[in-house]
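Step one of this worksheet: look at the structure below.
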């Protein structure tokens, strides 16, 4: 049965509290949850439903640190299936090539410039840990800015790519006992089976600034209790040309099998206190230079800067956090 490929997290994986409340439960391979999973992976790869038959998609809410998490976490065999067959490397590579435009490069560089300035060091003296290298969007730009870039990754093809770009690949355990000026995580902590433990390790390795970006969960508990799980994944809908909805991020934050943890600002504050860190910003500053190559590009870049500035002023919960050692 598919349930054999899951382990039950008996306590909160951030604060270890045993007082969590289950507020949503449905069969993984039936009904709306099955339909959600089918739509999400239909163009990414192939789902082997034998891994999921008999398993429950169950969400719990920790009253102590405010984390929402999937009670049943996939084992290593299932995770390998998810990240190599349900999501094929070729699909991810093609998606990254399509999305990593000149504009995206400038936005990434604009965001990293904020982190580099926070170190107080010249870029050539900055050590940068990319925890979860992926296809190298962040590591490439940090390397181009002059930093010594280190990375962790589980995929051999991604490790090979990192090395080809001049990035030093570390096994996960090798970050322990080391310090980096910038520790960078982009859409990583939501995937971890033990996020509290791993956040503590990353905090201990942080010399100047730790960046954590995760899906903003919004009002996901209220949405699920009121209307249940949607039958179509927001990722599939938007990739197919459909309109984005205000609630998309919330549903994405509890993506079955992948997003095992859904954080709130209160959860991040708890993690900061527990690890002698402080949250210094919740704003993703991605302002890049004006494009002066023509009237049209100038207007578009100016409008983009205006939108970004508006977000910075309003300071919404966008799932973005910068921490400094306290």
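The values are calculated or read from the model by the stated rules, or taken from the named source; none is laboratory data. Computed from a predicted model, the values in this text were never measured in an experiment. All Cβ positions, even for glycine, are placed from backbone atoms using ideal geometry, and neighbour counts span all protein chains on display.
Data table
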{"quantity": "Given (1) closer than 22 Å to residue 270 by Cβ; (2) modelled with pLDDT under 95; (3) surrounded by 20 or more Cβ atoms within 10 Å (Cβ to Cβ), number of the condition residue 41 does not satisfy", "calculated": "(1)"}
{"quantity": "So residue 24, is it under 30 Å from residue 270 (Cβ atoms), touching a helix residue (DSSP H, G or I) at 6+ places or on another chain (Cβ under 7 Å) and either in the same structural domain as residue 231 (by TED's automatic domain parsing) or free of Cβ contacts under 8 Å to residues at least 12 places away in the same chain (or both)", "calculated": "yes"}
{"quantity": "Criterion violated by residue 240 - all others in (1) at pLDDT 95 or above; (2) in the same structural domain as residue 44 (by TED's automatic domain parsing); (3) out of contact with any helix residue (DSSP H, G or I) (no Cβ under 8 Å at 6 or more places or on another chain) satisfied", "calculated": "(1)"}
{"quantity": "Residue count for the range 123-147, restricted to those that are in contact (Cβ under 8 Å) with a residue 60 or more places away in the chain and in contact with a helix residue (DSSP H, G or I) (Cβ under 7 Å, 6 or more places away or on another chain)", "calculated": "2"}
{"quantity": "Residue 128 within 17 Å of residue 6 (Cβ to Cβ) and crowded, with 17+ Cβ neighbours inside 10 Å", "calculated": "no"}
{"quantity": "Residue 129 vs. criteria in the same structural domain as residue 169 (by TED's automatic domain parsing), over 30 Å from residue 222 (Cα atoms) and assigned to a helix (DSSP H, G or I)", "calculated": "no"}
{"quantity": "Test: residue in the range 238-248 that is crowded, with 17+ Cβ neighbours inside 10 Å and not in a helix (DSSP H, G or I)", "calculated": "no"}
{"quantity": "The lone exception for residue 61 - which of (1) at pLDDT below 95; (2) over 26 Å from residue 170 (Cβ atoms); (3) outside the structural domain of residue 176 (by TED's automatic domain parsing) it fails", "calculated": "(1)"}
{"quantity": "Condition broken by residue 235, with the remaining ones in (1) in a helix (DSSP H, G or I); (2) crowded, with 16+ Cβ neighbours inside 10 Å; (3) at pLDDT 95 or above satisfied", "calculated": "(3)"}
{"quantity": "The range 148-165, subset touching a helix residue (DSSP H, G or I) at 6+ places or on another chain (Cβ under 6 Å) and at pLDDT 95 or above, residue surrounded by the most Cβ atoms within 10 Å (Cβ to Cβ)", "calculated": "149"}
{"quantity": "Any chance residue 274 is touching a helix residue (DSSP H, G or I) at 6+ places or on another chain (Cβ under 8 Å) and at pLDDT below 95", "calculated": "no"}
{"quantity": "Test: residue in the range 209-223 that is in a helix (DSSP H, G or I) and surrounded by fewer than 15 Cβ atoms within 10 Å (Cβ to Cβ)", "calculated": "yes"}
{"quantity": "Close pairs from the range 158-182: first in the same structural domain as residue 145 (by TED's automatic domain parsing) and assigned to a loop (DSSP other than H, G, I, E, B), partner exposed (fewer than 14 other Cβ atoms within 10 Å of the Cβ) and at pLDDT 95 or above, Cβ under 9 Å, at least 6 apart", "calculated": "170/178"}
{"quantity": "Residues of the range 104-122 satisfying the condition of being surrounded by 14 or more Cβ atoms within 10 Å (Cβ to Cβ) and either within 18 Å of the chain's Cα centre (by Cα) or free of Cβ contacts under 8 Å to residues at least 12 places away in the same chain (or both)", "calculated": "104, 107, 108, 111, 112, 115"}
